[in-house]
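Down below is the structure, laid out as structure tokens.
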Amino acid sequence: MYMLNSQMIHERSAGSVIFNDNDGVTSFLLLQYPAGHWDFPKGHIEKGELPLDTVKREVSEETGLKDIHIFPNFEKKIMYFYRRTAGMVRKEVIFVLSRATTLDVTLSHEHTNYVWLGLDEALNKVTYGNSKHVLKTSSKFLDECHIHRDGLVP
């Protein structure tokens with residue numbers, strides 16, 4: 001999970017932009033973290049774990065959603081830096097796009113709230129610029145493929 005390299009800690013995580021399209025209305029799931037920011041479910045890629053396995057595990061642990069459909073043709077990577085007591089962390093997060101079959105979320109202790117929102121409201125709610133970009137890219141992918149309008153399942 002962490003590797004020390006010239007005083008830089010490298011961390012890899014995987015997560016998902018999760019949407020639901022009940023009654024033809026697309027909504028996206030955002031989670032509120034204890035620090036107050038809103039983002040997508042994600043977590044550390046454990047040793048020997050593939051990113052898609054991490055996504056399934058983290059989504060299940062953080063939201064209780066066990067039946068998600070991951071779209072195989074969508075992947076977006078972001079990278080950012082933050083400081084931890086052990087030093088600077090370079091974090092890479094791999095995001096996939098998933099459809100949830102239900103709106104019923106059971107939060108883990110890692111989050112304080114959740115919300116399903118349409119694209120414009122979700123873009124206003126999500127905290128970080130790179131997450132806004134991932135959300136826009138996800139929505140554009142859905143629009144271009146007409147996946148959410150035609151009811152196609154990955």
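Derivation of every value follows stated rules applied to the coordinates shown; laboratory data play no part. None of the values given here were measured: they were computed from a predicted structure. Cβ: placed from backbone, ideal geometry, glycine included. Neighbour counts: every protein chain shown.
For this structure, a couple of remarks:
- Net length gained if the chain between Glu11 and Glu121 were fully extended (0.36 nm per residue, minus Cα distance): 36.6 nm
- Bridging of Lys42 to lysines at a Cα separation below 20 Å is possible for Lys56, Lys66, Lys76, Lys77, Lys91, Lys125, Lys132, Lys136, once same-chain residues fewer than 8 apart are set aside.
- Seen from a random direction on average, the alpha-carbon convex hull of region 14-69 projects onto 4.4 square nanometres.
- Calculated FRET value between Lys140 and Leu50, using beta carbons and R₀ = 30 Å, to 0.05: 0.70
- Mean separation of Cα contacts under 8 Å, 6 or more apart, over the residue count of region 43-100: relative contact order %: 31
- DSSP beta bridge pairing in the chain, given as percent antiparallel to the nearest 5: 70
- Convex hull volume of the chain per residue (C-alpha atoms, cubic angstrom): 112
- If R0 equals 25 Å, the separation of the Cβ atoms of Lys132 and Glu61 corresponds to a calculated FRET efficiency of about 0.50.
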